[in-house]
Amino acid sequence: MLRAQIKALDPRAVLAVGMAGNVQAAQLPGIHVVTDPAMLPATRAPSPLGRLALLVHPGDSDAATLAAVTTARVAGARVIAVRGADPRADPAAIAALSAARPRQVLAIGTGFGSAAQLASRIGVAQTGVQLPGGGQILFPGRLLVALYGHPGAPSLGVLGEQGLSASIARARKVATAYQALSRVPVIPALEIIATVAQARPGRDGAYSYQSAVASLRPWVRRATAAGMYVILDLQPGRASLLAQARSYRSLLQMPDVGLALDPEWKLTPHQRPLHQIGSVSISEVNSVIRWLAGLTGRHQLPQKLLVLHQFRPSMICDEHQLDTRHDDLAILIHMDGQGTRADKQQTWQAVTRAAPAGVVFGWKNFYAKDHPMMSAQQTLARTPQLSMISYQ
């Protein structure tokens, strides 16, 4: 075993201390053994490995990890402790990777996943950009509390009942009611209806009014600068959800901006808004998922939120085929039912039972259409746990 281990090191020479050299030579055939340090080949210290980082778990203290950490530090490499398997979820690790900007990264243990997955995550972590509340993974590290609506349109939700500054202040006030009840940071948010279903077909025949990017940009910039998260909601009518999403690419490239799809307002070529409850095919939803995940990955953005609004399982056809494999997205199914508490609980159970694995959940409170509207404490008493709450 000793011979095998020494040969694995491929040494130029072996120094035998306190034992006869000829004995050692006999035991190590083919290896140059010396007994005097002066007989060792001349060497010089290698260049410090300043652009290499070693990732370790803080709790790992076995001999192999200790040896690797010690060797890395002696060699001048940066040792970075990462809580959990994903460096994007650890604010301290993000800051360390952003400061070090290593050219090469080694990770101790199999818990960090595949090399390709870890490389992608490190690329995001090195940007140093963090989400409101810290880190680059959305959930379970925070609770979003949002005002829903369209700027300047009070009939579409509370976000439109006041101007931009007042909406930011109101969202903060609503979110404050949850902070004492939550174990994670509560982040105020705005869910802005970017494309609005309308009764008339419009020039494109889509029955959907598409807000200009320029009209939404001040809302997005002011809200994100104030430490809030912003979600752009699509009510597509007869339009393609993917086409509408792509038109807001410049806003979705911002790290604190997510996307919401509203199947209630998705129409077939012969339907009109308010005459039926719409639905969307899983293939159309998955096409948006693939595009949004690709956009997030290409720009090395923190994990991005995709909200699917739903109050009937039939609104998302073949929901069990939802593509939840993308590491760049957090997919949230948002229960939009209204009415009595019993009605909302029944809708909640139907929505959560139909949901596939790999999603988190949200809940909407209606100021006028809930009888009565639940308090913050009553709202949070959900199983599964809520990751987002919105008010309309």
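Just for the chain, what percent of DSSP beta bridges are antiparallel, to the closest 5?
Numbers: 4 of 58 bridges.
Taking every DSSP beta bridge within the chain, about 5 percent pair in antiparallel fashion.
Please give the helix 282-298 orientation as an angle from the longest Cα principal axis of the chain, in degrees from 0 to 90, rounded to the nearest 10.
Compared with the principal axis, the helix lies near 50 degrees.
Give me the angle, in degrees from 0 to 90, between the Cα long axis of helix 341-354 and the longest principal axis of the Cα atoms of the chain, rounded to the nearest 10.
Relative to the chain, helix 341-354 is tipped by roughly 50 degrees.
Which of (i) 56, 52, 38; (ii) 62, 48, 47; (iii) 97, 44, 39 is the computed Cα extents along the principal axes in Å for the structure on display?
The listed entry that was calculated here is (iii).
How far is the Cα center of the range 64-129 from the Cα center of the range 355-392, in Å?
37 Å
Could you tell me the distance between the Cα centroids of the range 322-340 and the range 210-279, to the nearest Å?
First find each Cα centre; the distance between them is then 15 Å.
In degrees, nearest 10, range 0 to 90: what is the angle between the Cα axis of helix 91-100 and the longest Cα principal axis of the chain?
Here the helix axis deviates by roughly 60 degrees.
Can you give the local net charge around Ile108? Use residues other than it whose beta-carbon is closer than 12 angstrom to its beta-carbon, Lys and Arg +1, Asp and Glu -1.
Working: positive: none; negative: Asp60, Asp62.
Every neighbour counted, the sum reads -2.
Can you tell me which lysines have their Cα less than 28 Å from the Cα of Lys344? Leave out same-chain residues fewer than eight positions away.
Lys173, Lys266, Lys304, Lys364, Lys369
Contact order normalised by length for the chain, with contacts defined as Cα pairs under 8 Å and 6 or more residues apart; what percent is it?
Numbers: 737 pairs, mean separation 44.1, N = 392.
So the answer I get is 11 percent.
Values in this text are rule-based calculations from the coordinates and carry no lab data. Please read all numbers here as calculations on a predicted model, not as lab measurements. All Cβ positions, even for glycine, are placed from backbone atoms using ideal geometry, and neighbour counts span all protein chains on display.
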